């Protein structure tokens with residue numbers, strides 16, 4: 001035991017001899033300021049650990065001039081009502097003099113005389129107080145900490161008159177095992193087992209303290225430790241940390257029955273609080289050391305470059321081998337540097353990022369770090385706070401993203417080039433589509449004009465042939481009549497052929513099997529309109545597409561729908577001289593779609609509008625080209641075409657299509673009879 005421990009044991013024995021109860025001694029020990037109890041003869045009955053720096057041999061406390069403190073207290077005891085304060089200079093055991101303020105509580109005998117006093121030092125420099133209690137505070141895992149717990153155990157042993165006392169730590173087992181870390185008179189010094197016998201880890205069952213005042217041997221007859229020691233009484237108090245986690249036990253045993261049960265258990269609770277704080281510090285220190293050891297192993301063995309940085313000064317505190325290899329500096333060189341020297345960010349920006357990491361609002365951020373050879377590398381820093389050796393430091397896990405950034409830049413460049421190429425190809429396709437639309441419109445116009453001219457000429461030929469055969473121009477010979485009949489029949493056949501040729505040209509591909517695909521109908525309408533826009537502009541017309549919502553997705557034959565739209569729009573533009581054409585796309589509740597092509601052209605008479613889709617009729621260029629074929633194509637898609645028109649006010653052609661051409665299957669086969 002330490003010298004201070006011996007002195008305190010002597011005072012405890014003296015306190016017992018003068019009738020001071022152990023509970024009072026324990027209470028004095030629980031005080032954080034110097035606390036002294038004087039007896040009637042001026043001797044110190046008890047003094048707590050905080051008083052140690054002020055105790056001189058005797059033991060006694062003296063003023064700066066060598067006067068015993070008791071002499072001064074006794075001289076002013078009459079001032080007490082019931083207490084009094086004194087400001088005075090006391091001489092420490094090491095010779096230094098300190099300014100103090102004392103509160104004195106005189107104790108009176110039956111006749112009113114002074115029978116002792118309680119003295120508190122209520123004001124003294126903190127450093128002086130702290131330095132005196134350092135020997136009683138845990139300092140880690142070294143011998144000093146164990147000695148502190150040993151002193152506490154010895155103090156308890158002397159205080160309660162036990163035959164053995166101990167402090168045991170609860171190991172992390174299930175159920176927890178207890179390992180003795182400080183004891184007095186409990187175990188043979190040669191016994192290296194130092195494990196608490198079965199009787200000691202008594203189940204607390206939610207209680208903080210367990211007391212067996214007598215009959216310990218009878219309640220545990222099979223425990224050799226109890227039998228060998230002859231113990232009859234036992235008290236143990238649970239030691240807990242700040243989180244109420246049970247970390248150990250403070251216990252003692254007696255060979256005689258326990259008499260003062262209430263006082264003894266109170267002493268255990270008081271001393272146990274001090275022992276719990278010491279043990280908690282010991283456990284915390286060990287866990288911290290183990291944590292730092294684990295961290296050190298990860299830090300040194302990691303293949304990821306890691307730095308420890310002091311956040312306030314930005315000084316690099318440590319660097320692992322991977323960081324030395326990455327930056328091209330040896331460890332000593334890195335430890336002499338600030339992180340600002342290797343980071344290419346602006347210092348204010350880096351300090352701001354580090355502050356966010358300290359606050360916990362930033363876990364990673366991109367940066368650029370400079371290596372020893374001058375090259376700059378793109379990095380991503382994963383960061384956070386870690387406590388090492390009691391210091392709060394920032395750790396940087398450095399991930400080199402240079403190659404990744406380079407690849408991302410290359411991919412971005414290729415993406416832009418691809419977008420440019422696609423835009424160019426799209427523009428080329430749109431241009432080609434426009435040219436194709438123009439060519440188609442031009443072909444339709446040529447075919448319409450050719451049909452008109454040929455029908456006019458053929459009507460003249462067949463008409464005059466009929467007149468001549470009827471004798472309107474005079475009598476014909478039999479041979480003349482036969483030959484003229486051949487001319488008339490040839491004209492009629494040619495008329496039918498011309499009509500069939502025109503229809504065949506417009507429907508030769510539209511009569512193939514439906515090839516459905518999913519596409520946006522609004523986009524297709526806009527594409528066809530775009531192809532005819534320049535044609536409309538040449539005539540001073542507007543061409544507008546209206547859609548309440550888009551996309552309007554359908555599953556049908558894109559080419560067939562495009563042919564119908566091209567027929568309807570080209571007719572509308574060709575026959576309209578003023579105003580323009582509006583194409584409206586709308587979705588019905590049953591998911592089918594209507595496309596209305598409205599023009600401001602001359603319109604159609606009722607009798608003409610009723611026959612524009614007829615296969616048997618002869619349609620000139622003034623009623624529209626390809627309308628019968630468009631009706632056949634729409635029918636093959638499961639749709640319909642209708643017209644509403646008023647002469648002089650324009651026409652509206654309505655194309656109705658189901659959401660999918662597969663719902664209706666193929667429409668009726670084209671009627672080719674009229675073309676033969």
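Here's the yes/no breakdown for (1) surrounded by fewer than 14 Cβ atoms within 10 Å (Cβ to Cβ); (2) assigned to a helix (DSSP H, G or I); (3) at pLDDT 90 or above:
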site: 316; (1), (2), (3): no, no, yes
site: 333; (1), (2), (3): no, yes, yes
site: 345; (1), (2), (3): no, no, no
site: 350; (1), (2), (3): no, yes, no
Q: Mind telling me which of the residues 383, 421, 462 ends up being touching a strand residue (DSSP E or B) at 6+ places or on another chain (Cβ under 7 Å) and either under 30 Å from residue 495 (Cβ atoms) or free of Cβ contacts under 8 Å to residues at least 60 places away in the same chain (or both)?
A: 383
Q | Where residue 253 falls short, out of the listed (1) assigned by TED's automatic domain parsing to the domain that holds residue 235; (2) touching a strand residue (DSSP E or B) at 6+ places or on another chain (Cβ under 6 Å); (3) assigned to a loop (DSSP other than H, G, I, E, B) | A | (3)
Q: Mind telling me which of the residues 180, 196 ends up being at pLDDT below 80, under 27 Å from residue 276 (Cα atoms), surrounded by 13 or more Cβ atoms within 10 Å (Cβ to Cβ) and under 49 Å from the mean Cα position of the chain (by Cα)?
A: 196
Q) Any residue in the stretch 60-77 that is assigned to a loop (DSSP other than H, G, I, E, B), modelled with pLDDT under 85 and either within 28 Å of residue 162 (Cβ to Cβ) or touching a helix residue (DSSP H, G or I) at 6+ places or on another chain (Cβ under 7 Å) (or both)? A) no
Q: Scan the stretch 44-59 for residues that are free of Cβ contacts under 8 Å to residues at least 60 places away in the same chain and either touching a strand residue (DSSP E or B) at 6+ places or on another chain (Cβ under 6 Å) or not in a loop (DSSP other than H, G, I, E, B) (or both) and jot them down.
A: 44, 46, 47, 48, 56, 59
Q) Can you tell which of 139, 144, 115 is part of a strand (DSSP E or B), modelled with pLDDT under 85 and either surrounded by fewer than 18 Cβ atoms within 10 Å (Cβ to Cβ) or assigned by TED's automatic domain parsing to the domain that holds residue 280 (or both)? A) 115
Q. Just wondering, is there one or more residues in the stretch 294-313 that are over 30 Å from residue 148 (Cα atoms), more than 29 Å from the chain's Cα centre (by Cα) and at pLDDT 85 or above?
A. yes
Q.
Conditions first: (1) closer than 30 Å to residue 184 by Cβ; (2) at pLDDT 65 or above. Residue 27 passes all but one, so which condition is the exception?
A. (2)
Q.
For the condition assigned by TED's automatic domain parsing to the domain that holds residue 210 and either touching a strand residue (DSSP E or B) at 6+ places or on another chain (Cβ under 6 Å) or without any contact (Cβ under 8 Å) to a residue 60 or more places away in the chain (or both), what is the one hit in 275, 322?
A. 275
(Q) Out of everything in the stretch 464-479 that is out of contact with any helix residue (DSSP H, G or I) (no Cβ under 8 Å at 6 or more places or on another chain) and in a helix (DSSP H, G or I), what residue ends up being farthest from residue 453 (Cα to Cα)? (A) 478
Q.
Residue under question is residue 175, and the condition is that it be surrounded by fewer than 14 Cβ atoms within 10 Å (Cβ to Cβ), in the same structural domain as residue 156 (by TED's automatic domain parsing) and at pLDDT 70 or above; does it hold?
A. no
Q: Might you check whether a residue that is closer than 25 Å to residue 149 by Cβ, part of a strand (DSSP E or B) and in contact with a strand residue (DSSP E or B) (Cβ under 9 Å, 6 or more places away or on another chain) occurs anywhere in the stretch 213-231?
A: no
Q. Any idea which residue in the stretch 358-381 is nearest to the chain's Cα centre (by Cα), counting only those that are within 15 Å of residue 341 (Cα to Cα) and part of a loop (DSSP other than H, G, I, E, B)?
A. 371
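The values are calculated or read from the model by the stated rules, or taken from the named source; none is laboratory data. Only a predicted model underlies this, so the values are computations on that prediction, with no experimental measurement involved. Because the Cβ atoms are built from the backbone with ideal geometry, glycine has one as well, and the counts that use them run over all protein chains shown.
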